[in-house]
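The values are calculated or read from the model by the stated rules, or taken from the named source; none is laboratory data. Just so it is clear, the model here is predicted, and its values are computed rather than measured. No Cβ is skipped: glycine too gets one built from the backbone with ideal geometry, and neighbour counts run over all protein chains shown. Just the protein is used for accessible areas: all its heavy atoms, side chains included, with ligands, DNA and RNA removed. Shrake-Rupley method; radii C 1.70, N 1.55, O 1.52, S 1.80 Å.
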Amino acid sequence: MTFEEKKEAYARLLVKAGVHVRQGQRVAITCPVEAYEFSRLVTKYAYEEGALEVVTEFLDDVTMRMKLDYAPQSLFETFPAWNALRLNGYAKEDTAFIHLVGNDPEALKGADMKKFSAYIRSMHEALQEYYKMQSTMGFKWNVSAVPTRAWAGKVFPNENPDVAMTRLWNSIFATVRIGDGDPFPKWMAHADDLAMRSKRLTEWQFDSLHYTNSLGTDFTVGLVKNHRWEGGADIDKTDGERFFANMPTEEVFTMPHRLRADGVLKSSLPLAYQGNLIEDFTLTFRDGAVVDFDARKGKEALQAILDTDEGSRHLGECALVPYPSPVAAEGVLFLETLFDENAACHFALGRCFETNMSGGAEMSDEELEALGGNHSANHVDFMVGTEDMKIVGTLQNGMKITVFENGTWAF
Ligand code: ZN
């Protein structure tokens, strides 16, 4: 495949596998403004698959930064009602959402994170319907990436801008299985493998998992009762069809109990959070909450995450990724969670996925929380997996089973 053919194959993959566009369905794309050519390609294939209408919202890191620098705090405290109506309305119409990300990892470096936290909080409040439907797979959605110059320049700082762009495109292609042949059957086989892992883990119903490695992680996380491990493809509740919420995706993940995490977790990769890099950090947990933390770099950004709301100090996701995954095999720090979280085992601070508990999607927030589910405006993944990671699960009856040995599946 030529470089241009790979771009076409990727655009077609997002439409066909990513959100599985249906005849007569509306497709909403968000895309960095400088990647407009790629969004046109996605638009074309979406129409070819029968989309009713494709609407694109172009986003720009630079103007967002200006807003944070110049606009008053009060602006960020309220999300416009008309915008909430638009997005909640799309969600209720069963629109397929394609979110192309390509942010400058340092776009918000030094920005007022109080404003940003307020923005995340007010948006989450106003878009409750949208987020509820998203997390319970009430519509099809896909997050995938497109290179931008600012991003490529941070990933490959020693290359000239054109070479950096080409290298980032090629790394993205490799992680989403674009190469020789049709990527579609490869994705279906990958989804089947992750579904098999999820099924076995769900059958075990571990009470807790104990993580250790040479970085100094010594950590036990309790899982909620009736948890479900998920991974690979997602199923749209409305039409029962497969889609991929993330591309790439290498993880299987479940719901930790919000009050059952104890010990020390050491980060294994830097965390790129809203333009800030948080590096070499340690989180100490007691009874599910972060009670102490430190970071060699970006401690303030880590503090901002933890202080967003009460739920930001508790865990909402526990994910297993074997080492080395196709993402880790690229040997590139993407500075973008979509990729870096698929490089290694990780957890997320903040809200849980309701579908990670049997019947969770039908529960009220209060019911879910009473059973150990976590709520927050945040959901921030951070990586802890290493090539020497060991994870031992304890069953409800006290029996132990090794889940991970030397960074990869032990079953
Ligand atoms: Zn994850």
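Key figures for this structure:
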read-out: Any hit, segment 276-285, residues being free of Cβ contacts under 8 Å to residues at least 60 places away in the same chain, open to solvent by 10 Å² or more (accessible area, probe 1.4 Å), over 25 Å from residue 247 (Cβ atoms) and in contact with a His (Cβ under 9 Å, 6 or more places away or on another chain); value: no
read-out: Hey, residue 316 open to solvent by less than 10 Å² (accessible area, probe 1.4 Å), touching a Cys at 6+ places or on another chain (Cβ under 9 Å) and either within 16 Å of the ligand (Cβ to nearest atom) or at pLDDT 95 or above (or both) or not; value: yes
read-out: Residue in segment 129-140 that is over 30 Å from residue 72 (Cβ atoms), at pLDDT 95 or above and of a type outside the set (A, V, I, L, M, F, W, C) present; value: yes
read-out: Count - residues of segment 377-411 that are touching a His at 6+ places or on another chain (Cβ under 9 Å), surrounded by 13 or more Cβ atoms within 10 Å (Cβ to Cβ) and farther than 23 Å from residue 279 by Cβ; value: 6
read-out: Qualifying residue in segment 322-343 (condition: at positive phi and within 16 Å of the ligand (Cβ to nearest atom)); value: no
read-out: Tabulated pairs, segment 8-20, first under 10 Å from residue 49 (Cβ atoms), second surrounded by fewer than 23 Cβ atoms within 10 Å (Cβ to Cβ) and not polar (S, T, N, Q), C-beta under 6 angstrom, 6+ apart or interchain; value: 12/45; 15/45; 15/49; 19/243; 20/241; 20/243
read-out: Single match in 122, 74 (criterion: part of a helix (DSSP H, G or I) and open to solvent by less than 50 Å² (accessible area, probe 1.4 Å)); value: 122
read-out: Hey, residue 115 open to solvent by 60 Å² or more (accessible area, probe 1.4 Å) and either among the basic types (Lys, Arg) or at positive phi (or both) or not; value: no
read-out: Checking residue 108 against (1) aliphatic (A, V, I, L, M); (2) crowded, with 19+ Cβ neighbours inside 10 Å; (3) over 20 Å from the mean Cα position of the chain (by Cα), the condition it does not meet; value: (3)
read-out: Candidate set: segment 359-373, residues that are touching a Ser or Thr at 6+ places or on another chain (Cβ under 9 Å) and open to solvent by 10 Å² or more (accessible area, probe 1.4 Å); chosen: the one nearest to the ligand (Cβ to nearest atom); value: 361
read-out: Total residues in segment 374-397, condition away from the ligand (no atom under 16 Å from the Cβ) and touching a residue at least 24 places away in the same chain (Cβ under 8 Å); value: 11
read-out: Neighbours by Cβ (under 6 Å, 6+ apart or cross-chain): first from segment 185-208, in contact (Cβ under 8 Å) with a residue 12 or more places away in the chain; second buried (at least 18 other Cβ atoms within 10 Å of the Cβ) and assigned to a helix (DSSP H, G or I); value: 187/17
read-out: Which listed residue is β-branched (Val, Ile, Thr) and open to solvent by 30 Å² or more (accessible area, probe 1.4 Å), from 146, 176, 163, 155; value: 163
read-out: Counted residues, segment 183-196 - those being touching a helix residue (DSSP H, G or I) at 6+ places or on another chain (Cβ under 8 Å) and open to solvent by 60 Å² or more (accessible area, probe 1.4 Å); value: 1
read-out: Output for segment 33-61, where each listed residue is open to solvent by 60 Å² or more (accessible area, probe 1.4 Å), more than 17 Å from residue 95 (Cβ to Cβ) and assigned to a helix (DSSP H, G or I); value: 33, 34, 36, 37, 40, 44, 48
read-out: Matching entry among 155, 176, 163, 143 (being without any contact (Cβ under 8 Å) to a residue 40 or more places away in the chain and of a type in the set (Val, Ile, Thr)); value: 163
